[in-house]
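Colleague: Take this structure first; my questions come after.
Only the coordinates and a few stated rules stand behind these numbers; no lab work does. Note that the structure is predicted; figures quoted are calculated from it, not measured. For neighbour counting, all protein chains shown are included, and Cβ atoms are generated from backbone atoms with ideal geometry for every residue, glycine included.
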Amino acid sequence: MAKLIDGKSISKQIKDELAQRAGELAKAGCTVTLAVIQVGSDPASTVYVNNKKKGCEYIGIRSLSYELAQETGEEELLALIGELNGRGDVNGILVQLPLPGHIDEDRVIRAIDPTKDVDGFHPQNVGALCIGQPGFVSCTPAGIIQLLKRSGVSIAGKECVILGRSNIVGKPMALLMLRENATVTIAHSRTTDLKEVTKRADILIVAVGKPKMITREYVKEGAVVIDVGINRSETGKLCGDVDFEDVEGICSAITPVPGGVGPMTIAMLLHNCLESVNLQ
Ligand code: NDP
């Protein structure tokens, strides 16, 4: 039976550590502040934004909420970001993605001051990660490193296969696993003989956005399986990219969905908010 990697309890552990640090900063007269911008009222985004605000409240970070109408123009959004960049009392700026189609997401990400970019999406932070310099790291991959380390999974020297090459998960994940001295392979939709590639993995990290795509035929016996996916099954139930019931019998450890990677993303966002104080 595979060990369950419990993201809920590990994220609670991290948040409690962060609450202590936030308390120390407050005592030293620094109230860490995160500005959260949402454009429109996409229900999934609203859930994510509310969870982020709750996380801030839990550890003692002040959150400022900017709820803009769906039809807000790009220039208006950029002007708000410019204002928040200039405010000394704002440490982090988070723009909830996706943005409405009429707004250029890349332009918005580039407009955020890199020292306030707590999502770690700004090209300067991505570049810093690439060459091993300090900067913000994208929250989901950073959370996965914590999940592995705090579950006692050793990474150095292991074969790690990452399925998915998005800018927010797959690519930064690969760079972080490389930093931890894993031997890293990135697979994607054009990979030939995918099962042969994923079966090499001691640590398999799946971020494809395809419900239950990964069955036991993709997994080496004894592998550690990290499921990043958040999908709805045909019956409307939340499920990952990994067929949990099928794979848990063959792997040594696995993350559930929900309760695996998801809670770690918010914990690492809060971690980045506190880090911002050092970077600024
Ligand atoms: P993207 O859609 O941006 O990327 C998906 C990647 O999977 C692409 O690189 C794509 O390849 C690859 N892919 C798609 N289909 C296949 C296939 N059949 N075989 C092999 N590779 C395939 O997704 P994201 O990285 O943004 O997200 C992935 C999943 O993780 C989603 O379910 C998302 O909801 C979830 N997620 C969860 C988070 C959390 O906090 N837990 C945070 C962020 C995302 P190609 O590049 O060739 O098209």
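Colleague: Provide the descending list of Cα extents for the chain along its principal axes, expressed in whole angstroms.
Modeller: Principal extents (Cα only, largest first): 52, 42, 37 Å.
Colleague: Sort the following peptides by mean Cβ neighbour count (other Cβ atoms within 10 Å, averaged over residues), highest first: 232-239, 11-18, 101-108.
Modeller: 11-18, 101-108, 232-239
Colleague: At 37 °C and 0.692 mPa s, grab the translational diffusion coefficient of region 105-189 from Stokes-Einstein with a Kirkwood Rh over Cα pairs, rounded to a whole number in µm² per second.
Modeller: Stokes-Einstein gives a translational diffusion coefficient of 246 µm²/s.
Colleague: Assigning unit charges at the beta carbon (Lys, Arg +1; Asp, Glu -1) and nothing else, what dipole magnitude in debye, to the nearest 20, does the chain show about its Cα centre?
Modeller: Dipole of the chain, to the nearest 20 debye: 740 debye.
Colleague: For the chain, take the longest principal axis of its alpha carbons; what is the angle in degrees between that and the long axis of helix 139-150, to the nearest 10 within 0 to 90?
Modeller: Result, in degrees: 50.
Colleague: Compute the angle between helix 43-59 and the longest alpha-carbon principal axis of the chain, please, reported from 0 to 90 degrees and rounded to the nearest 10.
Modeller: 80 degrees
Colleague: Step through the table entries K8/K237; K15/K212; K53/K116, compare each Cα-Cα distance with 26 Å, and write down the pairs that go over it.
Modeller: K15/K212
Colleague: Report, to two decimal places, the Cα Rg of region 232-277 normalised by 2.2 N^0.38 Å (N = number of residues).
Modeller: Compared with the compact-globule rule of thumb, region 232-277 sits at 1.55.
Colleague: Still on this structure: Filter the GluC sites (Glu not before Pro) in region 24-81 down to the DSSP loop ones having no more than 15 other Cβ atoms within 10 Å, then list what survives.
Modeller: E71
Colleague: Among V242, L269, T255, whose Cα lies farthest out toward the positive end of the dipole of region 231-273, if unit charges sit on the beta carbon of Lys, Arg (+1) and Asp, Glu (-1)?
Modeller: Toward the positive end, the furthest listed residue is L269.
Colleague: Mind checking which of K220, K27, K195 has the largest fluctuation in a GNM of the chain, springs on alpha carbons under 10 Å?
Modeller: K27
Colleague: V247: net charge of surrounding residues, Cβ under 10 Å, Lys/Arg +1, Asp/Glu -1, itself excluded?
Modeller: Here the charged neighbours net out to -4.
Colleague: Set the Förster distance to 35 Å, then compute FRET efficiency between E234 and S41 from the Cβ-Cβ distance, nearest 0.05.
Modeller: About 0.85, to the nearest 0.05.
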